[in-house]
Amino acid sequence: MILNKHESYDPAELRRIISDDGVFLTQQVGGLNDRQVNEHFDVPINDEFKNWNLSTALEEIEQAGFKVEYCKEEFPVQRFYDVGALVYYLKAIPWQIPNFSIEEYMDDLYKIHRIIQNAGYFEVNQHRFIIKARVA
């Protein structure tokens, strides 16, 4: 069994190293993760990730010689209850808004702060998918 969580992988390499009765289980972050953050900061989604989704991953896995036993894609809600939490989050995941700085995005942060004051939170959707596949 090969387990993978939020990391890249090469389906052909997986097939090469897994046993003939092996199982590959992965949970991935899709390319539309937190897209509302990008929209509020007027920053396009990273081209490297924007087409990363369940459909693309399934096609790659099946072409490498795996049979998919289970798969699911979800867009769960994520809420930020203060703008400081959003700033911390964006500092921790620099690929979401490349070169993020408070100074550069002060006006956008203030707009999100106002959303939080009015609604009680700033809501975005995560993008997750899971695949369980076995060697075909």
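Quick look at the numbers
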{"read-out": "Pair list, Cβ < 6 Å and 6+ apart or interchain, from the stretch 20-44 residues that are touching a residue at least 24 places away in the same chain (Cβ under 8 Å) and under 12 Å from Ala57 (Cβ atoms) to residues that are among the β-branched types (Val, Ile, Thr) and part of a strand (DSSP E or B)", "value": "Phe24/Ile2; Thr26/Ile131; Gln27/Ile130"}
{"read-out": "Cβ-Cβ under 9 Å pairs, at least 6 apart or on other chains, the stretch 53-82 side touching a residue at least 60 places away in the same chain (Cβ under 8 Å) and closer than 27 Å to His40 by Cα, far side surrounded by 15 or more Cβ atoms within 10 Å (Cβ to Cβ) and aromatic (Phe, Trp, Tyr)", "value": "Asn53/Phe129; Leu54/Phe129"}
{"read-out": "Residue ID - modelled with the lowest pLDDT, chosen from residues in the stretch 70-99 that are among the polar types (S, T, N, Q) and surrounded by 12 or more Cβ atoms within 10 Å (Cβ to Cβ)", "value": "Gln96"}
{"read-out": "Residue in the stretch 44-59 that is modelled with the lowest pLDDT, counting only those that are crowded, with 16+ Cβ neighbours inside 10 Å and in contact with a strand residue (DSSP E or B) (Cβ under 9 Å, 6 or more places away or on another chain)", "value": "Phe49"}
{"read-out": "Residue check, Ile131 touching a Leu at 6+ places or on another chain (Cβ under 9 Å) and over 29 Å from Ile2 (Cβ atoms)", "value": "no"}
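The values are calculated or read from the model by the stated rules, or taken from the named source; none is laboratory data. Here the structure is a predicted model, which means the values were calculated and not measured. Here the Cβ is made from the backbone with ideal geometry for all residues, glycine too, and neighbour counts use every protein chain on show.
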